[in-house]
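A short write-up of the structure that comes next.
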Amino acid sequence: MILKMLKQLENEKMSSWVGRVLEASISELYLLPGQNISEEEIIKELSVSRTTVREALIKLSQNNLITIVPQKGTIINLINLKQINDFLFLRTVAEKEIVKKSDGIFKDNKLIELTLNFNTQEKIISLNGNNFYDIIELDNQFHQIIFEGYGMKEVWNILKSHQQDYNRLRYLGLQEKITNQTMLNQHDEYLEHIKNGNTKKLIPLIEAHLDGFERHFGSLVSEYPEYFQN
């Protein structure tokens, strides 16, 4: 078993840390859809108690990331395309609405953050376009900063709690070398329109940005049918 190791936060409960490690490992495809994992493997890998592991697994089960089968172990849930489509609909609507209601007003400190984020994306993609973990993390941060810049941080937090399957599909897509240049070009346009307060041009860009990735769904399902719910 290979897990994405995360540093335990100060005063963080051990079961919460184990849960974060497992959730990140599922989202970033260290643990694959349909894969069986056991408590013993996790205990050995993370050097924690069985009680700690069980607490973490129960939480992940409640979040629909895993299924615990008595006497048989734990299975990583398959990717749910219906959940992804629902998430994309909600995010598109939310992002367009906050832009419409903003009157083009964006926090100055967040504009600086957004510019720095974009410059980092540009550098990573130009130097190493296959570094998909960093690319997705930066993309998520880019859109989080947009929500925060328009004063809607809590809306982003709500959306973020429902994007696990979307992230898994994105990691799968980037591993299949779906180009990042289109995403970068669109982010460049986002940044320009936000700087200029041009909300009218942002609306169609938001739709195109998410629709572009949605077009890749079919090819990924055909390539990896075992990873998806029927």
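The values are calculated or read from the model by the stated rules, or taken from the named source; none is laboratory data. Only a predicted model underlies this, so the values are computations on that prediction, with no experimental measurement involved. Backbone-built Cβ (ideal geometry, glycine too); neighbour counts: all protein chains shown. Ligands, DNA and RNA are stripped out before the accessible areas are found, and what is left, the full protein with its side chains, is counted by its heavy atoms. Shrake-Rupley method; radii C 1.70, N 1.55, O 1.52, S 1.80 Å.
What is the spin-label model distance, in nm, from residue 1 to residue 82 if the labels are put 7 Å beyond Cα along the C-beta direction? Modelled inter-label distance: 3.0 nm.
In the context of the full set of protein chains, segment 39-187 has a per residue accessible area of 53 Å² (1.4 Å probe).
Relative contact order of the chain: what whole-number percent is it, with Cα pairs under 8 angstrom and at least 6 residues apart?
Normalised by residue count, the contact order of the chain is 24 percent.
No solvent, one uniform scatterer per C-alpha: report log10 I(q)/I(0) for segment 72-230 via the Debye equation at q = 0.15, 0.20 1/Å, two decimals. Relative scattering, expressed as log10 I(q)/I(0), comes to -0.83, -1.39.
Per atom type, the chain shows carbon and sulfur on 50% of its accessible surface, probed at 1.4 Å.
Contour minus end-to-end for residue 224 and residue 50, with contour as 0.36 nm per residue of separation and end-to-end as the Cα-Cα distance?
Numbers: separation 174, 0.36 × 174 = 62.64 nm, distance 3.30 nm.
Net length gain for the segment: 59.3 nm.
Take residue 69: with every protein chain present and a 1.4 Å probe, its accessible area is about 40 Å².
At 1.4 Å probe size, with no ligands or nucleic acids counted, give the accessible surface of residue 108 in Å², nearest ten. The accessible area of residue 108 comes to roughly 120 Å².
Distance between the pseudo-spin-label points of residue 133 and residue 200 (7 Å out from Cα toward the beta carbon): 4.5 nm.
When only Cα pairs under 8 Å and 6 or more residues apart are kept, what is the percent relative contact order across segment 1-124? Mind showing how you got there, number by number?
Details: 95 pairs, mean separation 25.2, N = 124.
For segment 1-124, the relative contact order is 20 percent.
Pairs of Cα atoms nearer than 8 Å and 6+ residues apart set the relative contact order; for segment 117-209 it is 30 percent.
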